[in-house]
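To keep things clear, I will list the structure first and then write my remarks on it.
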């Protein structure tokens, strides 16, 4: 650092000169400024571009463009992006970058006439695909890139392409298309609707189970009643047995059998509902279920693995 000489008010100018150092003091050089993150991205983008890695260079330029949001000259990077897209044969994307360069640069866009000429030349390399689809709006992806929406027209470079449509609530669908420059292709794509069913409400399972238990209890009661009446009838003297009592026993046994059958059917329904119930707010997993109804005397036995 430079030395600061402090001189008393009564000192002569010669005294000051004599006190000055015989050799001038030289300040050391300031360290070079540290490059910013944007500078590093731009430098890396240029290296990648020169190496022919246009995809990676495009990513660097796009990132730098986003970080220069307050810089009035960031539009210059759009020309670099257009150059990358053009060398990747993505002429439709290059046109968009060049047009943005002209729109954002305005009167300051250097070489505007040449860029406009490049746009016209690239437009001659595009074909048009008219897409119709069975939904109101779908996103269009061409060769893995999102390029627009359908229904509507789409401009793509000539050659083979994979056109995929995606829409909320529908399965995506893709078709292979080959189109010539300045050619036209009509494309119709049907998107299948995805079921919105995510599982039954647990209350449905609870109600079904409650009814099943009630029916099975009634079946047990009816079966016990039929057996008790049958035992009493057997214990009676033959002369005291009546046709009406025998009919009552038979009817009670029939009701018990019907209730057992209904209870078994409801039990199977409950098991199915358990597999379809949305217990945690998510679609329930489907489990392998094996069920057997084993008939018995006056009863039906539910057997199986769950």
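For this structure, a couple of remarks:
- The one condition from (1) within 30 Å of residue 178 (Cα to Cα); (2) more than 34 Å from the chain's Cα centre (by Cα); (3) free of Cβ contacts under 8 Å to residues at least 12 places away in the same chain that residue 115 does not meet is (3).
- Of 257, 251, all but one fail to be in a helix (DSSP H, G or I), exposed (fewer than 15 other Cβ atoms within 10 Å of the Cβ) and either modelled with pLDDT of 85 or more or not assigned by TED's automatic domain parsing to the domain that holds residue 138 (or both); the exception is 251.
- Being within 18 Å of the chain's Cα centre (by Cα) and modelled with pLDDT under 90 holds for only one residue in 196, 173, and it is 196.
- Just one of the listed residues (146, 153) is surrounded by fewer than 17 Cβ atoms within 10 Å (Cβ to Cβ) and touching a residue at least 12 places away in the same chain (Cβ under 8 Å), namely 153.
- Selected residue (only one of 74, 87 is at pLDDT 95 or above and surrounded by 14 or more Cβ atoms within 10 Å (Cβ to Cβ)): 87
- Strands (runs of 3 or more DSSP E) wholly inside the range 79-189 that include at least 2 residues being in contact with a helix residue (DSSP H, G or I) (Cβ under 7 Å, 6 or more places away or on another chain): 152-157
The values are calculated or read from the model by the stated rules, or taken from the named source; none is laboratory data. Note that the structure is a prediction, hence the values are computed from the model and not measured. We place every Cβ from the backbone using ideal geometry, glycine too, and count neighbours over all the protein chains shown.
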